[in-house]
Amino acid sequence: MSHVTAVLPTDEPPLMHQAVEEAVRLLREGEVVALPTETVYGLAANALDAAAVAKIFEAKERPTFDPLIVHLPDKKQLDTVADVPAEIAQVVRQLTEKFWPGPLTLLLPKKAVVPDIVTAGLPTVAVRVSSNPVFRRVITALGRPLAAPSANRFGSISPTSAAAVLAELDGRIHLIVDAGASLFGLESTIIQIEPGQPKPVITIVRPGPLTPEDLKPFGKVRLGPRTVLDQATEAPGQLATHYAPRTPLRLLTRPEDFHPEEGKRYALLSLRGEESDGYVGLHDWEEVMMLSPGSGKLPEAAVRFFHCLRRLDDLGVDEIIAEPMFEHGMGIAMMDKLRRASVNKPAPVHGNPVHQRQRFSGADDRE
Ligand code: AMP
Ligand code: MG
């Protein structure tokens, strides 16, 4: 697998036209193409062509037991790939009307037309409709569903820019369509819905940009076992390692937990870079990357999250130290990812006084 990887810009109408045309041509030929979405960059292939989908697994070195998300050109096409059970049809309609196109993925019983390689043999398929204008142009012109997991090598940091995709997949794919930085910066929220009285039960199987608060009007929301990977593995903590930089990362729960070793170089991933949070002044850090400088706003932190991790990873320090975040809103997804990336896997930190010192709006809305 050795290709010349082209990066095509989309910031002028003729360039956009060219990039979309080239992407559609390659996808029609059964090739994979890296495309921008509003969450992170995806590596797309025709979802109904098993041979094309196999190239995604090959380029990403992704194990075939890890299923892919299927993107639709339009929400009206949901029933081409999934069977929506009658008991949840109403809530599915409400959710897709409210959040599609957008960063919400639904797990639903799959139709036979979806190849088993897409769903890793599972009876369900993960479906969403992206709101990214460039992605929409490509999938609309193609007129078929696209399978598109994040455009990184398996287990590595998700890409939120064309440069990050290139760092991950250079030489492995023909084309990256560049549409600038991802809008949300975190992978879609994945949910499963069960009928329930008086309300349907919505289980968040992967936390993401849409928070429990966003979903609450539609059902009883709970945070579930995180992914099929967790359920599939016998050895806890093994496949729970994901989104990981090459540099070891340690997620702290309290400043006192940091014990630097003589001669080692450390860099800090800080939420807002404030001394008063207790982490910035702990050490003479090689570098401090701030997710949301000064303000600690979680949506801003989310946009910069994978970018900051990548920058810290490139420093070549001995360890990346991560400050904890308040597990509210998008903080739930970022803490989930930090825990998976970390060598120490600290337990959730609800009610920790260190976090209560950080001043963020809103209360914890987990049920
Ligand atoms: P990615 O596309 O890289 O963001 O990863 C897609 C993730 O969606 C997988 O790792 C699974 O956690 C989840 N997923 C996809 N399809 C299914 C499915 N049929 N059932 C449960 N989880 C799924
Ligand atoms: Mg991924």
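The values are calculated or read from the model by the stated rules, or taken from the named source; none is laboratory data. In this text, all values refer to a predicted model and were calculated from it rather than measured experimentally. We place every Cβ from the backbone using ideal geometry, glycine too, and count neighbours over all the protein chains shown.
Numbers below:
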| quantity | calculated |
| --- | --- |
| Considering residues of region 66-78 that are in contact (Cβ under 8 Å) with a residue 12 or more places away in the chain and more than 16 Å from ligand 2 (Cβ to nearest atom) only, the residue surrounded by the most Cβ atoms within 10 Å (Cβ to Cβ) | Leu72 |
| Residues being buried (at least 19 other Cβ atoms within 10 Å of the Cβ) and either over 24 Å from the mean Cα position of the chain (by Cα) or of a type in the set (A, V, I, L, M, F, W, C) (or both) - total across region 93-117 | 9 |
| Only listed residue being buried (at least 22 other Cβ atoms within 10 Å of the Cβ) and either more than 9 Å from ligand 1 (Cβ to nearest atom) or of a type outside the set (Phe, Trp, Tyr) (or both), chosen from Ala141, Ala151, Ala167, Ala120 | Ala151 |
| Lone qualifier among Ser130, Ser156 - being assigned to a loop (DSSP other than H, G, I, E, B), within 22 Å of Arg62 (Cβ to Cβ) and away from ligand 2 (no atom under 14 Å from the Cβ) | Ser130 |
| Any chance Val205 is β-branched (Val, Ile, Thr), at pLDDT below 95 and touching a strand residue (DSSP E or B) at 6+ places or on another chain (Cβ under 9 Å) | yes |
| Pairs, first under 12 Å from Leu215 (Cβ atoms) in region 182-193, second within 13 Å of ligand 1 (Cβ to nearest atom) and outside any loop (DSSP other than H, G, I, E, B), C-beta under 6 Å, six or more apart | Thr189/Leu104; Ile190/Thr105; Ile190/Val205; Ile190/Arg206; Ile191/Ile204; Gln192/Leu107; Gln192/Thr203; Gln192/Val205 |
| Residue in region 289-309 that is at pLDDT below 95 and touching a Leu at 6+ places or on another chain (Cβ under 6 Å) present | yes |
